[in-house]
1. What number, rounded to the nearest 500 deg cm²/dmol, is the helix-based mean residue ellipticity at 222 nm of the chain, given -39500 (n - 2.57) per DSSP H run of at least four residues and division by all its residues?
2. Take segment 38-84, drop everything but the C-alpha atoms, weight them equally and run the Debye formula without solvent; then report log10 I(q)/I(0) at 0.33 Å⁻¹ to two decimals.
3. With springs only between Cα atoms under 10 Å apart, run a GNM on the chain and tell me which of Ser57, Ser25, Ser48 wobbles the most.
4. Taking the Cα atoms of segment 54-130 alone, what are Rg (to one decimal) and Dmax (as a whole number) in Å?
5. Hey, if you put +1 on the Cβ of every Lys and Arg and -1 on every Asp and Glu Cβ in segment 61-130, which of Pro104, Phe86, Ser121 ends up farthest toward the positive end of that dipole?
6. Label Ser48 and Ala61 with points 7 Å out from Cα along Cα→Cβ: what is the distance between them in nm?
7. Determine Rg/Rh for the chain; Rg is computed over alpha-carbon atoms and Rh is the Kirkwood hydrodynamic estimate from the same atoms.
8. Quote the FRET efficiency, to the nearest 0.05, computed for Asn123 versus Ala80 with a Förster distance R0 of 22 Å and r equal to the Cβ-Cβ distance.
Amino acid sequence: RPREGTLPMAVLCFPALVGTYLGGSVRFGPAEAGGPLLVLGPLTVDPSFEKRGIGGSLMRASLDAARAGGHGVVVLVGDAPYYRRFGFTPVPPGRLLPPGPVDPARFLWLELRPGALDTVSGNVSAVRPR
């Protein structure tokens, strides 16, 4: 839901091409919760290319680009065991409130810049184009 009505941030969105075939992609969008943050998702990999490291490569490239761009916090709803290897942890209860029902164990965040987690709290809402 935080992605609804937003435009992807092209500089943080990457495709994974296998020859001329789209093997996967990752998308980021802008959001806010008392301060700016990024919403990651979806991260997709075509089933015929799973278990080849495409998802991990997309994650590393996009997170590196987000850090280089000066972004501070990324949130997502996803599988904690998968995203833990990139540094994501569950959002502490009550700290950020997603815009819809979300299993708290799947609501994750990552600090890209030291101290950035201290700049966000409250309701997560999409930043819509004007």
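1. -4500 deg cm²/dmol
2. For segment 38-84, the Cα-only Debye profile gives -1.34.
3. Ser48
4. Rg, Dmax (Cα atoms, Å): 12.7, 37.
5. Farthest towards the positive pole: Ser121.
6. Reported label-point gap for Ser48 and Ala61 is 2.0 nm.
7. Details: Rg = 14.3 Å, Rh = 15.0 Å.
With Rh from the inverse mean 1/r over Cα pairs, Rg/Rh is 0.96.
8. Calculated value: 0.50.
Since every read-out is calculated from the coordinates, none of them should be taken as a lab result. Quantities reported herein were computed from a predicted structural model and do not represent experimental measurements. Backbone-built Cβ (ideal geometry, glycine too); neighbour counts: all protein chains shown.
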